[in-house]
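Only one structure is covered here, and it is reproduced in the block below.
The values are calculated or read from the model by the stated rules, or taken from the named source; none is laboratory data. Please read all numbers here as calculations on a predicted model, not as lab measurements. Every residue, glycine among them, receives a Cβ derived from its backbone with ideal geometry; neighbour counts consider all protein chains shown.
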Amino acid sequence: MIATKIASVALFSCFLFSCGEVVTAGAAGDPDASGVDVDSGVVDVTASYDDPAIQDLLNLPDPAISYEPELPTHFLGADVSGLDNTGANTISDNGATLGRVLFYDTLLSFNETISCSSCHKAASGFADPTVLSDGFGGGVTGRNSMAIVNLRYYQNGKMFWDERADSVEHQVLMPIQDSVEMGMALNDLVLRLQNTEHYPILFELAFGDSEVTSDRISLALGQFVRSMVSTGSRYDDAIVAGGNPMGPFSGFTQAENQGKGLFFGPPEMGGAGCAGCHMAPPPNLAIFQPGRALNNGIVNASDSDQGLGDVSGVTADDGLFKVPSLRNIGKTAPYMHNGSKASLMDVVEHYNSGILAHPNLDPRLKDGTGAPIQLNLSEEDKAALVAFLGTLTDTTMLSAEKFSSPFR
Ligand code: HEC
Ligand code: HEC
């Protein structure tokens with residue numbers, strides 16, 4: 001354990017995390033029965049975004065930008081709200097604003113060169129256009145960076161390709177401490193932030209007093225990444241305009257509608273069967289993500305990376321990987337946990353003719369003999385699928401001020 005007492009009031013806390021897995025430093029606020037700091041939102045009137053210590057560095061309005069998402073009707077049903085993994089860390093405008101500053105701040109890495117946004121770039125759908133990402137010290141990550149979008153609707157709440165983080169709160173502290181990514185000990189980060197002029201003010205606005213703790217860093221980053229909800233793609237616009245999901249959308253091109261039919265159509269009806277794995281259970285039309293990890297034949301059984309199986313130790317989990325949301329997928333190339341597919345056309349060709357055999361390959365991707373399926377799509381079908389996936393890009397979200405860098 002690397003954490004030390006940093007102040008006389010410091011308490012060692014394991015409220016959010018199982019002790020020993022993630023090192024937390026510093027004191028948390030009053031835990032409620034669920035064990036989560038609940039004093040966020042209690043704002044001391046003396047702290048203000050107008051403080052020159054903030055305004056010299058950060059372009060933040062007073063009051064904070066609203067992080068309340070404006071959810072369209074297809075997000076309002078229990079089929080969507082029932083998936084929400086927010087728990088006790090409800091999003092406040094000041095909490096998410098602090099998370100936004102932290103997300104874009106290179107102070108979070110050992111040598112102050114790397115921020116979360118170095119590997120999660122807005123223009124790339126909050127993923128990274130390289131196969132593997134550069135860390136703070138010249139090393140590269142072991143897997144492709146994951147897009148950040150609609151994380152709050154991943155039902156089992158687990159994060160990373162292999163689901164090794166139990167929650168968003170648990171996940172956000174891991175890249176900071178990762179020896180390749182940011183290389184920062186949490187207690188050093190707490191001291192570093194406490195010694196700035198602006199962070200104590202931002203923590204006071206978010207949590208009611210100026211104390212910087214690793215629990216609060218986790219809560220604020222968790223609020224920010226959970227607030228990154230996409231509801232404004234052309235697909236959403238068509239649903240909001242009353243488009244019948246089973247028929248063609250009037251705002252779509254012929255190719256996009258053909259691709260939509262293939263995406264949602266089951267293979268036995270001439271479709272490509274994508275929705276069977278990439279949508280939350282029907283009647284859900286909003287969430288382009290299932291609730292758990294699956295095996296789509298990207299690796300065979302001898303690959304050194306078996307995803308969930310390496311974490312759980314269960315053979316039946318070998319080759320299973322978290323399925324990221326397909327929202328903004330047109331922006332997040334390269335694809336898959338290993339970045340092995342350079343384009344969406346390569347992804348479609350994978351399902352068409354390139355699925356690898358694996359003992360745990362999902363039955364939906366096997367033919368009657370147990371071999372990987374071949375979809376036998378025409379070139380036109382493949383292009384149509386790619387065109388449909390492009391309708392899931394949400395330029396409003398990707399260019400929103402509240403998700404952009406606040407640094408001047
Ligand atoms: C050096 C590059 C890098 C940096 C810096 C980085 N990440 Fe990541 N991030 C990745 C990679 C790579 C993955 C996938 C790793 C894996 O699954 O093994 C990932 C995964 C994630 C996920 C999981 C998404 C999901 O759907 O499960 C979240 C959330 C995330 N990062 C947030 C952050 C935050 C917050 C920070 C800053 C504190 C950060 N990342 C810093 C590269 C980076
Ligand atoms: C049996 C379930 C299943 C089916 C069917 C399926 N997928 Fe996937 N898909 C997955 C899994 C699992 C992953 C992540 C695998 C990995 O990274 O190792 C994935 C990943 C993807 C990705 C890359 C996501 C990213 O962020 O890198 C795209 C794009 C995609 N699938 C599109 C499709 C399309 C298009 C179809 C229909 C032709 C389809 N999928 C059918 C399970 C499935």
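Within the option set 212, 140, 180, 168, being in contact with a Pro (Cβ under 9 Å, 6 or more places away or on another chain) and away from ligand 2 (no atom under 15 Å from the Cβ) holds for one residue only, 212. Looking at this structure, is residue 145 within 12 Å of the chain's Cα centre (by Cα), without any contact (Cβ under 8 Å) to a residue 40 or more places away in the chain and farther than 10 Å from residue 226 by Cβ? Yes, satisfied. Condition first: touching a Cys at 6+ places or on another chain (Cβ under 7 Å) and outside any loop (DSSP other than H, G, I, E, B). Can you find one or more residues in the range 114-123 that meet it? No - not one qualifying residue is present in the range 114-123. Only residues that are in contact with a strand residue (DSSP E or B) (Cβ under 9 Å, 6 or more places away or on another chain) and within 16 Å of ligand 2 (Cβ to nearest atom) were counted across the range 150-165, and they come to 6. Scanning the range 111-137 for residues that are within 13 Å of ligand 2 (Cβ to nearest atom) and farther than 22 Å from residue 403 by Cβ turns up just one, 131. Considering the conditions (1) surrounded by fewer than 20 Cβ atoms within 10 Å (Cβ to Cβ); (2) closer than 18 Å to residue 223 by Cα; (3) among the hydroxyl-bearing types (Ser, Thr, Tyr); (4) near ligand 1 (Cβ under 7 Å from one of its atoms), residue 141 is excluded by exactly one of them, (2).
Residues in the range 144-181 that are closer than 16 Å to residue 121 by Cα and either at pLDDT below 95 or part of a loop (DSSP other than H, G, I, E, B) (or both): 144, 145, 146, 147, 148, 149, 150, 181.
Would you mind stating whether residue 406 is surrounded by 18 or more Cβ atoms within 10 Å (Cβ to Cβ), at pLDDT 95 or above and more than 11 Å from ligand 2 (Cβ to nearest atom)? Yes: the conditions hold for residue 406.
Within the range 92-113, the residues that satisfy the criterion of being in a loop (DSSP other than H, G, I, E, B) and free of Cβ contacts under 8 Å to residues at least 60 places away in the same chain are 112, 113. Within the range 276-291, residues that are free of Cβ contacts under 8 Å to residues at least 60 places away in the same chain and in the same structural domain as residue 363 (by TED's automatic domain parsing) have Cβ atoms under 6 Å from residues that are in a loop (DSSP other than H, G, I, E, B) and within 14 Å of ligand 2 (Cβ to nearest atom) in these pairs: 278/288; 278/326; 290/323, counting only partners at least 6 apart in sequence or on another chain.
None of 365, 326 is closer than 30 Å to residue 398 by Cβ and either of a type in the set (A, V, I, L, M, F, W, C) or not assigned by TED's automatic domain parsing to the domain that holds residue 161 (or both) except 326.
With respect to the conditions (1) more than 20 Å from residue 228 (Cβ to Cβ); (2) near ligand 1 (Cβ under 10 Å from one of its atoms); (3) assigned to a helix (DSSP H, G or I), residue 130 lacks only one, and its number is (3). Evaluated against (1) assigned to a helix (DSSP H, G or I); (2) under 24 Å from residue 381 (Cα atoms); (3) among the β-branched types (Val, Ile, Thr), residue 311 falls short on exactly one condition, (2). Give the residue, chosen from 389, 294, 365, that is away from ligand 1 (no atom under 16 Å from the Cβ), hydrophobic (A, V, I, L, M, F, W, C), touching a residue at least 24 places away in the same chain (Cβ under 8 Å) and under 23 Å from residue 83 (Cβ atoms). Being away from ligand 1 (no atom under 16 Å from the Cβ), hydrophobic (A, V, I, L, M, F, W, C), touching a residue at least 24 places away in the same chain (Cβ under 8 Å) and under 23 Å from residue 83 (Cβ atoms) holds for just one of 389, 294, 365, which is 389.
Could you identify the single residue in 356, 375, 392 that is out of contact with any Cys (no Cβ under 6 Å at 6 or more places or on another chain), at negative phi and within 9 Å of ligand 2 (Cβ to nearest atom)? Write out each step before concluding.
On the way: 356 fails: within 9 Å of ligand 2 (Cβ to nearest atom); 392 fails: within 9 Å of ligand 2 (Cβ to nearest atom).
Of the residues listed, the single one that is out of contact with any Cys (no Cβ under 6 Å at 6 or more places or on another chain), at negative phi and within 9 Å of ligand 2 (Cβ to nearest atom) is 375.
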